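The values are calculated or read from the model by the stated rules, or taken from the named source; none is laboratory data. Just so you know, these numbers come straight off a predicted model, no measurement behind them. Virtual Cβ from ideal backbone geometry, glycine too; neighbours counted across all protein chains shown.
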Amino acid sequence: MGRLSRFIPEFWKRPETPPESVRPILNYRRMWWQTVLVTGGVSLVPLFVMAVINLYEYQHALKAELIAPMEHLSGNVSRSLSFFLGERKSALRYIVAEHPPEDMDTRAEVGQVLVNLKRAFGGFIDLSLISSDGTQKVYVGPYSLEGKNYRSQDWFKETVIRGEYVSEVFRGFRDYPHVVIAVRHEKRDGDFFILRATIDTDVFNELTRSAAGNDSGDAFIVSLSGTLETSSKLYGKVLGKFPLEIPPLTEKSRIVEIDDPQGRHLTVAYQAVAESPFVFVLARNTPQLFSGWLSLRKKLLGFFAVSVLGIILVVLAVCTYLVSRIHEADKRREVLLHKAEYTNKLASLGRLAAGVAHEINNPLAIINEKAGLLRDMVSVMPDFPHRTKVADITDSIQGSVERCSTITHRLLGFARHIDVHTETIYLEPLVKEVLGFLEKESLYRNITTTLSAEENLPAIESDRGQLQQVFLNIVNNAFAAVEDGGAIGIALASAGPDNVAIRISDNGCGIPPENIKRIFEPFFSTKGRKGTGLGLSITYGIVKKLSGNIEVESEPGKGTTFTVTLPVKRRL
C-alpha cells in the first residue's frame with residue numbers, strides 16, 4: 001500500500017489535520033467527480049451513439065446480404081419444382097387432347113404412351129386411365145392396380161371439380177410415398193375420363209439435397225397442411241409432421257428467425273411452389289449463418305471497449321492532473337496568504353515593541369536623573385550616616401538603567417529597519433549584538449556560546465535589520481535544538497574574494513534526513529504546536545533577497561550547522 005500511495009492524488013488521501021480541513025478536501029473531490037463526469041460524458045456519449053448506430057446499420061446490411069442468397073436459392077428451387085410439375089401436367093393435357101379415349105382403352109396403347117413420356121420427360125412411374133365412375137380401366141406400371149375404384153378418394157373428387165390435380169405425397173394403395181398428377185378430359189357424349197400419372201419423388205429429394213448442401217443447413221418440402229413431403233435432416237422422414245407453423249406466404253420468399261421445439265435457433269426461408277400444394281423450406285442455423293458477423297461484432301465491441309477504457313483512463317489522468325494542480329495552486333495561495341498575514345502580524349508586533357521600548361526610555365531617563373540627583377545630594381552632605389551605602393545603591397540603579405537603555409536601543413535598532421537599506425556592516429559586532437538578546441537564556445540554561453572571527457574580515461554592504469533577523473532566527477533554532485549545558489559556535493570567515501561565510505553550529509538533536517529538504521518550506525515545523533514553521537522560510541527568503549545563499553548540514557544526535565554566505569558588495 002505504501003508504494004501505491006504515491007500514485008494517489010493528495011486531495012484523495014485521508015487528512016491528518018482536524019476535521020475543519022475535511023470540507024475543502026471534499027470540495028476538490030466533488031470538483032474531480034464533476035470534471036470526470038462532464039469530460040467523460042462529452043467524450044463517450046457521442047462515441048457510444050455512433051457505435052450503436054454503426055453496429056445496427058452494419059448488422060442490418062450484413063443480415064440482408066446473408067439472407068439474400070437464401071431468398072434466391074429458395075426462389076430458384078421453387079421455380080424448378082413448379083416447372084417440373086407444370087411440364088408434366090402439360091404433357092398429360094397434350095396426351096388427352098391428341099389421343100381419343102377409344103385409342104387408349106388397351107394396356108398396350110397406354111403402355112406405349114408411358115414409354116414415350118418417360119423417354120421425353122422422365123420422372124413418370126405409371127400411367128392409368130380412370131372412368132367417370134372412379135374405376136381404373138387401364139393401368140400400366142409396376143403394380144397390379146386395375147379395377148381399383150377411386151370414387152371416394154379426395155384427389156378424384158377434386159380432379160372432377162377442377163379439371164386437374166396435383167396431390168401431396170401419400171401412400172395410397174401402393175403403400176409407398178408418391179405424387180399423383182391427374183387430368184380430366186371431356187368426351188363428345190358428355191361423359192369424361194381421367195388420365196392419371198404417378199411421379200417419382202426422387203426428383204424432389206435431389207433438388208432439396210442440392211439446396212441443403214453439405215453444411216448443417218437443411219432443405220425439404222412440406223405440404224400446406226404441415227406434412228413432410230421429403231425427408232428432413234432436422235425433422236425426420238417423409239410424411240412426418242412438420243413441427244413449425246407455416247407463416248402466410250406470398251410470391252416472394254418469407255424469411256423468419258425462430259426457435260424450434262428442440263431449442264435450435266434457425267433462420268428459415270419459406271417459398272410456395274406455384275400451382276401445387278407444396279412449400280419449399282430452407283433452414284439454416286442462425287449462429288453459424290451469422291458466425292462471420294458475430295466474430296466481427298466481437299472484434300468491434302472489443303475495440304470499442306478498449307477505446308472506452310483508453311478514453312476513461314485519459315480522462316481520469318487529465319482530470320486528476322488538473323484538479324491536483326488547482327489543489328496545489330490553492331495550497332500555495334493559502335501559504336502566501338498565511339505568510340502575508342504572519343508577516344503583517346510580525347510587523348505589528350515590531351511596531352508595538354518599538355513603541356513600548358520608546359515609552360520605556362522616558363521613565364528610564366527619569367529614574368536615571370533622579371538617581372543622579374540623589375547621588376549629588378548625598379555627596380554634599382559629609383555627615384550623612386549612610387553615605388557609602390546610598391552611593392552604592394545609586395550606582396546600582398544607574399547601572400541597571402544603563403543596561404535597560406542598551407536593551408531598548410538594541411530593540412529599536414532591530415525593529416527600525418523594515419525596508420531594505422544597504423549600509424556598511426561589520427559582522428562581528430552585529431553578531432555580538434544579536435547574542436546579547438539571548439544572553440539571559442544562555443546563562444539560565446548554561447549554554448556555551450562562542451564567536452570566532454577571521455582576522456581582517458572585510459565589512460559587507462547589506463541591510464542591518466534584515467541580517468539581525470536572519471542571525472536571530474538561526475540562533476533561536478539552535479537554542480531550541482540543544483539541551484541545557486549545550487554548546488553553540490559561530491564562526492566568521494572569508495569565502496573567496498567576494499563573499500563571507502557565517503557558520504552557526506550546535507550540538508543539539510539534529511535534523512532527520514527526510515526533513516532536510518523541507519525545513520525551508522512555509523509552515524513546516526518539527527516543534528509541534530510550539531513552532532509556526534515560518535522562521536526558516538522567512539530567513540531563506542531574506543538571505544536570497546540579500547543576494548546570499550544558505551545551506552544546512554545535519555546528523556541526527558550530533559548537531560546541525562547552518563552556513564550563510566553573503567556577498568561583500570550586495571548584487572542588485
Problem - Top-ranked residue of the range 457-484 - restricted to ones that are charged (D, E, K, R) and outside any helix (DSSP H, G or I), ranked as nearest to V434 (Cα to Cα) - result: D463
Completion exercise
Taking the range 217-246 and the residues there that are charged (D, E, K, R) and part of a strand (DSSP E or B), the one that is modelled with the highest pLDDT would be K241
Exercise for the section: Select, from G213, G172, the only residue that is farther than 15 Å from L282 by Cα, out of contact with any Pro (no Cβ under 6 Å at 6 or more places or on another chain) and among the small types (G, A, S). Expected result: G172
Practice task
Considering each of F204, F220 in turn, give the residue that is touching a residue at least 24 places away in the same chain (Cβ under 8 Å) and within 57 Å of the chain's Cα centre (by Cα).
Solution key: F220
Exercise for the section: May I ask you to verify whether T320 is of a type in the set (V, I, T), under 30 Å from T35 (Cβ atoms) and touching a residue at least 40 places away in the same chain (Cβ under 8 Å)? Expected result: yes
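For the range 186-203, give me each residue that is within 14 Å of L85 (Cα to Cα) and at pLDDT below 85.
In the first step, residues of the range 186-203 are kept if they are within 14 Å of L85 (Cα to Cα); the result is 196-203.
Matches in the range 186-203: D200, T201, D202, V203.
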Practice task
Go over the candidates T526, T565 one by one and state the one that is over 19 Å from R445 (Cα atoms), of a type in the set (S, T, Y) and modelled with pLDDT under 85.
Solution key: T526
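Residue by residue, here is whether (1) more than 60 Å from the chain's Cα centre (by Cα); (2) surrounded by 20 or more Cβ atoms within 10 Å (Cβ to Cβ); (3) more than 22 Å from Y94 (Cα to Cα) holds:
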position	(1), (2), (3)
K137	yes, no, no
K148	yes, no, yes
E164	yes, no, no
A182	yes, yes, no
Exercise for the section: May I ask you to say which residue of V308, V281, V273, V314 is closer than 30 Å to T35 by Cβ and surrounded by 16 or more Cβ atoms within 10 Å (Cβ to Cβ)? Expected result: V308
